Structure formats: structure tokens, C-alpha cells
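Please read the structure below before turning to the comments.
The values are calculated or read from the model by the stated rules, or taken from the named source; none is laboratory data. Given the structure is predicted, the values throughout are model-derived calculations rather than measurements. As a convention, Cβ positions derive from the backbone with ideal geometry for all residues, glycine included, and neighbour counts pool all protein chains shown.
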Amino acid sequence: MPRMSLAPLRRVVRVTPLAPDLVGRALVGRIARRVAGRSIDTATGPGIGTRAAIDSDPRATLGALLQDVPVDQLDAFEREYQEIDHEIVARAGSRPLPMPPEWRTEQQTGLTLYSLVRALKPQIVVETGIANGWSSVIFLRALQKNGSGALHSFDVRDDVGKLVDPGERSPWTLHILKKGTLQEFDETLATLPPVGLFFHDSDHSYLHMRLELRMAGARLAEHGALCSDDVSLSHAYVEACEEIGLKPRLLVDAHKASGFAVR
Ligand SMILES: C[S@@+](CC[C@H](N)C(=O)[O-])C[C@H]1O[C@@H](n2cnc3c(N)ncnc32)[C@H](O)[C@@H]1O
């Protein structure tokens, strides 16, 4: 007989006191998936394409989100990013990395994140899910080019961030969540100033992603950006944006889709 994983049940027990509304929705969705073979969102809400703009070109995403930024400025960000991307690829090929390469932030998503940080100049960037540190390097290099700002990165493992070079680490604070809970994440977030850009790339289960994005959304600065990887796995990202009145754009990358919204 196949063994049943207890992880979803543990997640429900942890999240219930923090967000009972989300747990109810997730349970209905699980039942719908079992009975109707459809995911939580397709079973209980309209399709994702009716709730977000969908782009296949990052310049369309950036053009829509950064309407005041001239095209030649976006071209300059793209040239900077291409150089950094080549550097990270070279690093990834020349050092041992503990986590699978396919966990990396994909190229078009990376360009969009880099350009948003360059254009919006956030003082506080927060990311969840560091792994080898692909996204961390992108953020740190954008902040370095801006000349100000700090990156706070959260993970549950302590062998993360191997792609980040020693010279890039000064604006970087690593938060290793000992219990890996959202409560611990939220308590740490509460100690930081308002978040100028948030990027989710940690646990992609509906409940975790939805609540983590709700917590980050509640602490978003004026003109802040709420961003996420793997947004096609559920409607967690779209719902979190709608909850705080943001209009999301979803970018289809090589193997995954990412989401971006600016307040
Ligand atoms: C897809 S990888 C992140 C990839 C990274 N953004 C990059 O560009 O290289 C997911 C990471 O999320 C971490 N993770 C899993 N559950 C987590 C949680 N509850 N809180 C924070 N991080 C978590 C994993 O340890 C892993 O390092």
C-alpha cells in the first residue's frame, strides 16, 4: 500500500491559527481535486488567464509595470543583466553546488527582477527560498549598482547561497528559519522596515505560498513590488495580489511562470 505523506496535514495544523480562511479553501480544493481531478483553483474559481495579464516577453511585463521608465533605460538594465547572468553561469559551472541547477531563477524572470530593483530602487528587498543563490546574486548586484538598499533572504537550510561571492555579501542578511514556519517568517518580517520588493521562491504548496504572500503583501512599501516564482502551480499568487488590490502580470519563462505586480 502506498505511504501517505503527513506533510499536508502538518501544514494545515500550522496554518490554521494564522489563517483559518485559507485552510478552509485549501481543504475544499483538495477534495475537489480528488473527486473531480481538477486543482483547487480551477475547481473553485475562474481560470488564471481571466485574472492576470499573461506575457511571454519580459519587456512587455516591464513596459506595463514601469510605464515612466524610458526604453533606453530598460535597454541599459538588460545589458547589465546579461553580463551578470554570464558571470553566474560561469560560477555555477566551476563550483560544487548542493542543490539542483533547475531550481535556479530562470533567465527572463531574472531580467525582470533585476530591472525592477534597478528602476524602483527599493531600500529593502526580501526573498524566500535561496537554494544555490541565483536570485540572491541578481538582487545583490542590482542593489550594488543602485548604490543603496539591503537584501534579506530566508531559507530553512543553512548550506544555501554558494553562488554569492564574498565581495557581494555586505548588504545581505541571511535568515535561516529554524522551525521553517510562517509564524517565524512573519515575526522576522515585522522587525524590518516596509518591503520595497518581495520575491517568493520557497515552499510552493498552495497554503504556504498564499499565506507567505499575504504576510509580505501586508508589509509592502508604497510603490512596492510583490513577485513570485512558480505562479502557475495554483492561484495563490493571483489571489494574494487581488487581496491587496494589485494587478498581477504573469511571465511565461522557459519551464516555469513567474508573477509581478507593483503597487
Ligand atoms: C526553488 S529553490 C530557490 C531557488 C533560488 N531562488 C534561486 O534562484 O536559486 C527553493 C528553496 O526554498 C527553500 N525552502 C523550502 N521550504 C521553505 C520555507 N518554509 N521557508 C523558506 N525557505 C524554504 C529550500 O530549502 C530551497 O532552498
List the strands (runs of 3 or more DSSP E) inside the stretch 118-210, counting only whole elements, that have at least 2 residues being among the β-branched types (Val, Ile, Thr) and without any contact (Cβ under 8 Å) to a residue 24 or more places away in the chain. 172-176
For the stretch 83-95, indicate whether the set of residues that are on the phi < 0 side of the Ramachandran plot and either at pLDDT below 95 or not in a helix (DSSP H, G or I) (or both) is non-empty. yes
Filter the stretch 240-263 for residues that are in contact (Cβ under 8 Å) with a residue 40 or more places away in the chain and assigned to a helix (DSSP H, G or I); which is surrounded by the fewest Cβ atoms within 10 Å (Cβ to Cβ)? Glu242
Scanning the stretch 76-96 residue by residue, the ones that are surrounded by 13 or more Cβ atoms within 10 Å (Cβ to Cβ), in contact (Cβ under 8 Å) with a residue 60 or more places away in the chain and not β-branched (Val, Ile, Thr) total 3
Looking across the stretch 114-138 at residues that are over 18 Å from Leu74 (Cβ atoms) and among the hydrophobic types (A, V, I, L, M, F, W, C), the single one that is farthest from the ligand (Cβ to nearest atom) is Ile124
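Quick one: count up the residues across the stretch 147-160 that are more than 11 Å from the ligand (Cβ to nearest atom) and among the basic types (Lys, Arg). Full working, then the answer.
Of the stretch 147-160, the ones more than 11 Å from the ligand (Cβ to nearest atom) are 147-152.
Now restrict to residues that are among the basic types (Lys, Arg): none.
Here the count works out to 0.
Let's see how each residue does on (1) within 18 Å of Lys247 (Cβ to Cβ); (2) crowded, with 16+ Cβ neighbours inside 10 Å; (3) near the ligand (Cβ under 9 Å from one of its atoms):
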site: Lys162; (1), (2), (3): no, yes, no
site: Gly167; (1), (2), (3): no, no, no
site: Leu177; (1), (2), (3): no, yes, yes
site: Thr188; (1), (2), (3): no, no, no
site: Leu192; (1), (2), (3): no, no, no
site: Leu211; (1), (2), (3): no, yes, no
site: Arg214; (1), (2), (3): yes, yes, no
site: Asp229; (1), (2), (3): no, yes, yes
